[in-house]
Every structure is written in C-alpha cells, then in structure tokens.
Amino acid sequence: MGVNDYSDHSLDRNRLRAWLSTSHEEAGSGDTGFADDGDLQTPPPGLALKPAAVLILVINHPQEPTVLFTQRTAHLTDHAGQISFPGGRVEAHDPDHFHTALRETEEETGVKAGAIDVLGAIPTYTTGTGYIITPVVGWLEPPAVYAPDPKEVEECFEVPFGFVTDVNNHRYEQAMYKGRMRRYISVPYGRRYIWGATAGMLVSLTRVLTHAQGGRYQPPITSSLDSGG
C-alpha cells in the first residue's frame, strides 16, 4: 500500500483526524496562496478577500471511503455547471468556518449537519475571484441521503477517496483563455472533470496527508497546451 492508498480499510475517522491535526507547514508552503489558475499569488495590498468555507465530506462506505462533490446548475451566474464542494460565503451569523461549511452543505445537498463529524481543516485557498476559502474536512457514516437544492445543485455524486488523493490522478494543465495562458489543476474522473479551486484543494489535502504520514508530495508536471478560448 502506498502512502495515499486508501482503497482498503486503512482509513478511519480517528486516523484521518490525527493526520489533519499535524503541522500543515508542508502543505502551506505550496498551497496557502494557491489561486484558481494554479499560480501562487500574494493578494494585492488593500484587497479585502471575502471569507468562505467548503466541506470535504468523507463518506465511510464499507467497500471504500468516498468524497462528496456537487455539480452546479447551468443557470448560475458564477461557475455554472462546474464541479465543486458544497460551501459558500461566511455569513454574519456564522460563529466560525466550520458552521459555514456545515450550514451550506445541508442547504445545498440535504445532508444533515448533525450527522457530520468535523475532523479538522486544511490550509486556506485563495481564488482569483477574491475569496479566501477554508476547506473543512468532515466524516459521515452511511447512508448518505441527498436532497439537492435545485436552485444551486444539479447533482450530488461521490468519488473514491483514494482516487482524489492519488498524485497520479492530479494534472497540471494550461490553456489559452481570453488572451492569456491560464494554468490550472485538474483531477479528471471518468466523465467528470474536476478542476480549478476544487482540484487545487484536493492537492492541498493530499499534501497534508502525505506529510502527516512521513512522505513528500511531488506534484506531476503534466501540462497540456490548447490554443482555444
């Protein structure tokens, strides 16, 4: 079994909680300033980043654990049709980022916040649209019962945890978009194309877990060049 091979019963909530509680120095050195296009960036002085939180929900199926994703509806103004983690902006009445992630998850997917065990969080992720996101990690014992909000979520689906935390499935790609070369992370899974901030946070999670287990994350340099856009 490799450092991040979770296809058997090696993953349980206590082990995952312990890994998340270790130092995030290794992950932070590569991902705290990660932006949508994969470039490390320092926000311009004076820019007020908007706080947000998402939930990386691990579902403990007997065969193998999975991670929950949502397919956003096509009519949304922002990120229409894209794959994301459930989550959103921190509201004034939210006591902390954990509450934001749980509240948004229940609103978007129907998964009850009270059924989710919060295990920790990984380094914040800065997007090119001006958000600073706290990725919260949660644990759910099956069954996972979904009631997606049709205004925001087209579909809820799951991907094996071992797949999204396997560096061999992480891609570093580039394409010409609106007159400039954009660089971004992707994690393709069958017909699903996970990319941008969502894929970047999967890289952050993988860095944290690899470091906690004594390994060193070596991101693949797998670039594809496309002149379209």
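The values are calculated or read from the model by the stated rules, or taken from the named source; none is laboratory data. Since the model is a prediction, treat every value here as computed from it, not as a measurement. Counting neighbours? That spans all protein chains shown, and the Cβs are built from the backbone with ideal geometry, glycine included.
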Of all residues being of a type in the set (G, A, S) and not in a helix (DSSP H, G or I) in the range 184-213, which is farthest from V164 (Cα to Cα)? Just the residue, please.
G190
Regarding the range 84-106, can at least one residue be identified that is among the charged types (D, E, K, R), in contact with a Lys or Arg (Cβ under 8 Å, 6 or more places away or on another chain), assigned to a helix (DSSP H, G or I) and closer than 25 Å to R13 by Cα?
yes
Could you list all residues from the range 113-136 that are under 17 Å from A18 (Cα atoms), in contact with a helix residue (DSSP H, G or I) (Cβ under 6 Å, 6 or more places away or on another chain) and part of a strand (DSSP E or B)?
V118, L119, G120, P135, V136
Of the residues that make up the range 115-130, is at least one of a type in the set (F, W, Y), surrounded by fewer than 18 Cβ atoms within 10 Å (Cβ to Cβ) and touching a residue at least 24 places away in the same chain (Cβ under 8 Å)?
no
Output the number of residues of the range 1-28 satisfying the condition of being of a type in the set (V, I, T) and modelled with pLDDT of 75 or more.
1
Scan (1) more than 16 Å from L55 (Cα to Cα); (2) in a strand (DSSP E or B); (3) modelled with pLDDT of 95 or more for the single condition V159 breaks and write down its number.
(1)
Being under 22 Å from T66 (Cβ atoms) and touching a residue at least 60 places away in the same chain (Cβ under 8 Å), is that true of even one residue in the range 170-189?
yes
